[in-house]
Amino acid sequence: MADKEVTVYIVDLGATMGETHGGRDESGLDWAMRYVWDKISTTVASSRKTWKVGVVGLRTDTTSNPLQEDEGYDNITVLQKVDVMSLTAMRALGPRIRPSKTVDGDAVSAIIVAVEMVSVAAPARLKFNRKIVLVTDGRGAIDGDDLDDLALRINELGINLVVIGVDFDDIEYGFKEENKPKLKADNERLLSTLVEKCNDGVLGTLAEAVDEVQKPTVKATRPFRSYDGPLTLGDPETFDGALSINIERFFLTKVSSPPSATSVVIRSEAAHAMGETDDVDMGNVDFTAIRNERVYTVDDPTRLGGKREVEFAELDKGYEYGRTAVYISASDANVTQLQTQKSFSILGFISRANAQPYLHMGESCIITPRRFSEEDELAFSALVHAMVETDTCAVARLVIKDMKDPVMLLLLPTVTASHVCLYDVPLPFAEDVRSYPFPPLDKVITASGAVLTKHRLLPNDDLNKAMSDYVDAMDFSMLDTDSDGQSAGFVDLEENYSPIIYRINQAISFRATHPDKPYVREDSKYTLMSSHPPEELVDSARSQIAALIRAADVKKVPPRAKGRARRDADKNKPISGLDVDALLSGGGSSSGRGPIIKKESDEPSRISPDNAIPEYKQALARTVSVAQIESLTQQMGQITESLIASSTGEVNYPRATENLRVMREELVSLQEPSIYNTFITGLKERLVAEKLGGPRLDMWWAIRLSGLGLITSNESEQSTVSEDAAKEFLRPKAV
């Protein structure tokens, strides 16, 4: 497969493309550009310098093409010369894609122009993938006299010709346009004839093409060899009966991840004058990549600021063990480095039944015998067939090259009509496998050891039957069947796509072509297939769902009341009439002859540093205004900062952290998150500025570990802090 590719898109911009047909809300051009923009943006996202794109406008108001001096090439304009497509070029191309005011322009002539562009950019003597894509509604006049010569030229260059028509008839796809104009019907036959004359030609309807681009694309990576050498069973240097087979190992599956964001800043005039070269292509705005610079300092009281910069080479390597940095000398570090040599050896065999499915979740590779070696192919085939017959898998140790850490692999034998091979997957460490015990679902075991089969936490017979009927009704194994009435499978493994990758790619593509429009996420049926049940299946199971809701007594949770939560004194009033909180806090009468009358006051209580948490909670329970809550929180904050400032080392940090936890929980329950967020922001500023008794960033580390940062909108509806802002706030150097 060639690494170089040239594609020329011919977009029909005639006046008829601006019309709406077929009951659609968007014009034919906008509908067609869904397909074209998707293909171009995919090329841009690949960042392949050897993939080049050209764009030709058909039925344009002006004429600008290499063959414009000849007759028959009017109203054809080259909008983008064949070159590497970039984000800037896409945005420059966008405003030029609009319907013209003419209907003149020959689609066959536009194909000839595209062929000449391809021949110049990718001569026949070079190895290229060449492709021309024509998108048209077929409502313009076409001259079909030179189809044979054009097809011959296309075949000589090895061009893949793709013709996509707006509302073209496609029997296989199941679409036919009613009341089709005669000119359009004749043009469809002409273009179909041209495609049939080409060795590599395709003609289809735009509806199918748009539906196809909604399917997430799977990036196919070229397999590369990760190991080439002997696969041994036993030690060939020690034992004559040891097995040694020369094999090749290639990557089979790789983990796919969404594209990562690039950190950039607007390029300054100073950087522009200095000739910075690390510019980032982000469209019309001039950005430059952020450069990270790391500085190492040590404590030095003789220097200004108490710090002295040192070179990285002067530092010793340490490892974090809890909160302690452990130094390991170079001689000790050499002891931990295994002196390994390149090898691939089978350590033993296990029953295939003992290879649990969760062991197959890593990246996989395929192992084959060395090519053109009959001896290795015969020995490898014998090994694989023996493993298949005995229903076993192999455990192997692999060292990719000398001085590399070894990895343990599970080798799975596979024999098909086309190939004999071993698949390998990495084995996890014992520490990576965690077992979580759960209580049984059909019984309750009491503290005394008694087993109860009837309990309020266990489902009754009605609920069991309702759930069983619901599961049977939602069985989608026979939702899709083949011609023989057998299950065709609802979701194929190859079509089980990751929604996060698809959504991010769609958002990037939309923003690249529509920089000023708001992005509205539209998930395709392919990404929703694995997370949403089919609508027809849900409709057929309505009665079972209703029966399950009744049996399980499912009730809608009422929405949380907005506004500051107040403790309802009448609702929670004890039968005795005594105010227990007042008794515990020492207020009111102590005679015990009658209920204590609590007198509300605007003056907040004073909190003692020796008993801060209980007194803070009791004082909050008696508040009647936000001002009182702010005053009490201010007192609690002063006590907390005093603990930090007077702490010897980290002695008082746990008490200060617990104070913050109580403050945070109480203010969340009272729905006053802004009071806590204001305090914690000020506390961070004072910690960073070393105003609380010197360097106290270890206290901020304790706050981070305890999750005592800003209260987010997910925790309280009254908060305006997002999750991203809360995470950024926890960074120790960000003030």
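The values are calculated or read from the model by the stated rules, or taken from the named source; none is laboratory data. Note that the coordinates shown come from a computational prediction; the quantities given were computed from them, not determined experimentally. For neighbour counting, all protein chains shown are included, and Cβ atoms are generated from backbone atoms with ideal geometry for every residue, glycine included.
If you go through the stretch 637-662, how many residues are under 21 Å from Ser625 (Cβ atoms) and either of a type in the set (Phe, Trp, Tyr) or in contact with a Leu (Cβ under 9 Å, 6 or more places away or on another chain) (or both)?
Residues flagged as under 21 Å from Ser625 (Cβ atoms) and either of a type in the set (Phe, Trp, Tyr) or in contact with a Leu (Cβ under 9 Å, 6 or more places away or on another chain) (or both) within the stretch 637-662 amount to 1.
Assess whether Leu157 counts as being over 44 Å from the mean Cα position of the chain (by Cα), assigned by TED's automatic domain parsing to the domain that holds Val103 and at pLDDT below 95. Explain how you work it out, then say what you get.
Values: over 44 Å from the mean Cα position of the chain (by Cα): no; assigned by TED's automatic domain parsing to the domain that holds Val103: yes; at pLDDT below 95: yes.
No, not satisfied.
Within the stretch 612-623, can you find the residues that are modelled with pLDDT under 85 and surrounded by fewer than 19 Cβ atoms within 10 Å (Cβ to Cβ)? Please lay out each step first, then the result.
To start, the set of residues in the stretch 612-623 that are modelled with pLDDT under 85 comprises 621-623.
Across the stretch 612-623, the qualifying residue is only Ala621.
The residues of the stretch 380-401 that are surrounded by 13 or more Cβ atoms within 10 Å (Cβ to Cβ) and among the hydroxyl-bearing types (Ser, Thr, Tyr), listed by number, are Ser381, Thr392.
Condition first: modelled with pLDDT under 95, out of contact with any strand residue (DSSP E or B) (no Cβ under 7 Å at 6 or more places or on another chain) and surrounded by 15 or more Cβ atoms within 10 Å (Cβ to Cβ). Can you find one or more residues in the stretch 43-54 that meet it? Checking the stretch 43-54: at least one residue is modelled with pLDDT under 95, out of contact with any strand residue (DSSP E or B) (no Cβ under 7 Å at 6 or more places or on another chain) and surrounded by 15 or more Cβ atoms within 10 Å (Cβ to Cβ). Would you check if Tyr9 is within 38 Å of the chain's Cα centre (by Cα), of a type in the set (Ser, Thr, Tyr), within 18 Å of Val210 (Cβ to Cβ) and part of a strand (DSSP E or B)? Considered against the rule, which asks whether it is within 38 Å of the chain's Cα centre (by Cα), of a type in the set (Ser, Thr, Tyr), within 18 Å of Val210 (Cβ to Cβ) and part of a strand (DSSP E or B), Tyr9 comes out as yes. One residue stands out in the stretch 220-245 among those that are in a loop (DSSP other than H, G, I, E, B) and among the polar types (S, T, N, Q): the one that is farthest from Glu377 (Cα to Cα), namely Thr221. When the stretch 401-450 is limited to residues that are touching a strand residue (DSSP E or B) at 6+ places or on another chain (Cβ under 6 Å) and part of a loop (DSSP other than H, G, I, E, B), the one that is modelled with the lowest pLDDT turns out to be Lys443.
Residue-by-condition table, conditions (1) farther than 30 Å from Leu409 by Cβ; (2) surrounded by fewer than 10 Cβ atoms within 10 Å (Cβ to Cβ); (3) at pLDDT below 85; (4) within 36 Å of the chain's Cα centre (by Cα):
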{"site": "Val298", "(1), (2), (3), (4)": "yes, no, no, no"}
{"site": "Gly305", "(1), (2), (3), (4)": "yes, yes, yes, no"}
{"site": "Glu311", "(1), (2), (3), (4)": "yes, yes, no, no"}
{"site": "Tyr319", "(1), (2), (3), (4)": "no, no, yes, yes"}
{"site": "Ala325", "(1), (2), (3), (4)": "yes, no, yes, yes"}
{"site": "Ser331", "(1), (2), (3), (4)": "yes, yes, yes, no"}
{"site": "Phe344", "(1), (2), (3), (4)": "no, no, no, yes"}
{"site": "Asn354", "(1), (2), (3), (4)": "no, yes, no, yes"}
{"site": "His360", "(1), (2), (3), (4)": "no, no, yes, yes"}
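Suppose the filter is touching a Cys at 6+ places or on another chain (Cβ under 9 Å), at pLDDT 90 or above and among the small types (Gly, Ala, Ser); does Ala151 pass it? So Ala151 fits the description; yes. Given the structure, is Leu194 buried (at least 16 other Cβ atoms within 10 Å of the Cβ) and closer than 30 Å to Arg24 by Cβ? So Leu194 passes the test.
Is at least one residue of the stretch 214-224 over 22 Å from Ser46 (Cβ atoms) and modelled with pLDDT of 85 or more? It would help to see each step written out before you state the result.
Taking the stretch 214-224 first, the residues over 22 Å from Ser46 (Cβ atoms) are none.
Within the stretch 214-224, not a single residue is over 22 Å from Ser46 (Cβ atoms) and modelled with pLDDT of 85 or more.
Among residues belonging to the stretch 225-261 that are exposed (fewer than 11 other Cβ atoms within 10 Å of the Cβ) and β-branched (Val, Ile, Thr), point out the one that is modelled with the lowest pLDDT. Among them, the one singled out is Val255.
Identify, please: which residue in the stretch 72-97 is at pLDDT 90 or above and closer than 18 Å to Ala141 by Cβ and is, among those, surrounded by the most Cβ atoms within 10 Å (Cβ to Cβ)? The qualifying residue surrounded by the most Cβ atoms within 10 Å (Cβ to Cβ) is Ile76. Just one of (1) touching a strand residue (DSSP E or B) at 6+ places or on another chain (Cβ under 6 Å); (2) surrounded by fewer than 18 Cβ atoms within 10 Å (Cβ to Cβ) fails for Leu134. It is (2). Within the stretch 325-357, the residues that satisfy the criterion of being aromatic (Phe, Trp, Tyr) and more than 17 Å from Pro406 (Cα to Cα) are Tyr327, Phe349.
Only one of these conditions is not met by Gln506: (1) closer than 30 Å to Thr253 by Cβ; (2) at pLDDT 80 or above; (3) assigned to a loop (DSSP other than H, G, I, E, B). Which number is it? All conditions are met except number (3).
Residues are listed down the side, and each one gets a yes or a no for (1) assigned by TED's automatic domain parsing to the domain that holds Ile346; (2) out of contact with any Lys or Arg (no Cβ under 7 Å at 6 or more places or on another chain):
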residue: Asp170; (1), (2): no, yes
residue: Leu183; (1), (2): no, no
residue: Val195; (1), (2): no, yes
residue: Gly204; (1), (2): no, yes
residue: Pro236; (1), (2): yes, yes
residue: Leu252; (1), (2): yes, yes
residue: Ala261; (1), (2): yes, yes
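Listed by first and then second residue, the pairs linking a residue in the stretch 431-456 that is surrounded by 10 or more Cβ atoms within 10 Å (Cβ to Cβ) to a residue that is in a loop (DSSP other than H, G, I, E, B) and small (Gly, Ala, Ser), with Cβ atoms under 9 Å apart and 6 or more places separating them unless they lie on different chains, are Val444/Ala450. Condition (residue is among the small types (Gly, Ala, Ser), under 22 Å from Gly138 (Cβ atoms), part of a loop (DSSP other than H, G, I, E, B) and assigned by TED's automatic domain parsing to the domain that holds Ile164) applied to the stretch 32-55: is it met by at least one residue? No: the stretch 32-55 contains no residue that is among the small types (Gly, Ala, Ser), under 22 Å from Gly138 (Cβ atoms), part of a loop (DSSP other than H, G, I, E, B) and assigned by TED's automatic domain parsing to the domain that holds Ile164.
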